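Accompanying notes for the structure given below.
The values are calculated or read from the model by the stated rules, or taken from the named source; none is laboratory data. All values derive from a computational prediction rather than experimental measurement. Virtual Cβ from ideal backbone geometry, glycine too; neighbours counted across all protein chains shown. In case anyone asks, the SASA skips ligands and DNA or RNA and just uses the protein heavy atoms, side chains included. Shrake-Rupley method; radii C 1.70, N 1.55, O 1.52, S 1.80 Å.
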Amino acid sequence: MTKICFEEESNLMTWSVLCDFDGTISTKDVTDTLLEAFGKPGWREAEDEWLAGRIGSRVCMQRQIACLDASKEELDEAIDAIGVDEAFAAFVDAVVARDWELLIVSDGLDYAIKRILQRHRLPALPFYANRLVQVGARSWQLDSPYADPACRSASGMCKCAFAHRARAAGGKVLMIGDGRSDFCVAGDADWVFAKGRLMTHCFEKSLPHVPISGFADALRIIPAAAEHEFALAV
């Protein structure tokens with residue numbers, strides 16, 4: 001492990017923290033949990049096509065959400081059983097105390113994010129995600145207000161667009177995530193706190209990152225970020 005120090009251009013330099021939700025803040029992937037419980041035949045085939053690279057994540061998610069067969073009450077019960085990382089609230093406090101921007105950017109479901117944050121009495125953080133829309137007593141569809149036609153991963157929520165906006169404002173971009181929806185933005189971020197498949201991806205692509213198992217690790221690293229210094233693991 002070597003140490004990388006960013007050149008400090010100004011004492012006012014801050015970080016913009018972009019944080020994934022499913023499997024990063026939440027302890028489970030919400031969409032996968034709902035599909036496992038309420039998905040009609042067809043959703044696994046969409047997943048296979050996405051993994052094979054034949055469709056983008058936006059199309060995959062649209063097909064999968066159309067396969068949900070559940071009432072709102074059933075969805076709520078399943079969502080309410082999903083926990084969050086126990087150290088996330090303290091991490092939010094540490095970021096806010098430094099006056100850094102913190103955004104939740106997710107290729108998941110806005111309804112679930114809002115409900116989980118409220119249920120666990122977490123701050124009302126700004127979040128951007130796909131929109132879950134009920135179109136029948138037991139049927140649902142996915143809208144993607146933050147999709148970008150130029151998105152390299154054809155996702156429903158273009159995380160790279162948020163990284164570009166943050167950098168244009170003059171800050172450094174820190175991405176925190178765990179999976180495939182974070183691969184693209186990881187290459188655009190100045191630094192990555194990586195879990196799971198994202199950690200493997202960053203290692204294979206030699207992207208600057210710190211492996212973490214959760215927000216307890218991220219919380220310990222934050223003071224180094226304040227000094228524009230990280231430990232690089234590649």
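Side notes on the structure shown:
- Measuring nothing but protein heavy atoms, the accessible surface of the range 86-218 at 1.4 Å probe radius is 51 percent carbon and sulfur.
- Which listed pairs, of Lys114/Lys172; Lys72/Lys159; Lys40/Lys205; Lys114/Lys205; Lys172/Lys205, have C-alpha distances above 31 Å, in listed order: Lys40/Lys205; Lys114/Lys205
- Pairs of Cα atoms nearer than 8 Å and 6+ residues apart set the relative contact order; for the chain it is 26 percent.
- Residue-normalised convex hull volume from the C-alpha trace of the range 132-196: 108 Å³ per residue.
- Net charge dipole size for the chain [Lys, Arg +1 and Asp, Glu -1 on Cβ; Debye, nearest 20]: 340 debye
- Amide H within-cut-off set for Leu68, under 5 Å, with H built and near neighbours excluded: Lys40, Trp140
- Cα centroid separation, the range 193-215 to the range 32-65 (Å): 25 Å
- Exposed trypsin sites (Lys or Arg not before Pro) absent - longest run of the chain, DSSP non-H/G/I/E/B, at most 12 other C-beta within 10 Å: 122-234
- Low-density loop positions, GluC sites (Glu not before Pro), the range 15-107 - DSSP coil, at most 13 other Cβ in 10 Å: Glu86
- Listed residue (Met175, Met157, Trp140) projecting farthest to the positive dipole end of the range 109-204, Cβ model: Trp140
- For the range 26-74, the fraction of 1.4 Å probe accessible surface lying on carbon and sulfur atoms is 48 percent.
- Ligands, DNA and RNA are left out, and with a 1.4 angstrom probe the accessible area of the chain is 48 Å² per residue.
- The amide H of Ser144, built 1.01 Å from its N in the peptide plane, has Arg131 as neighbours under 5 Å, considering only residues 5 or more places off or on other chains.
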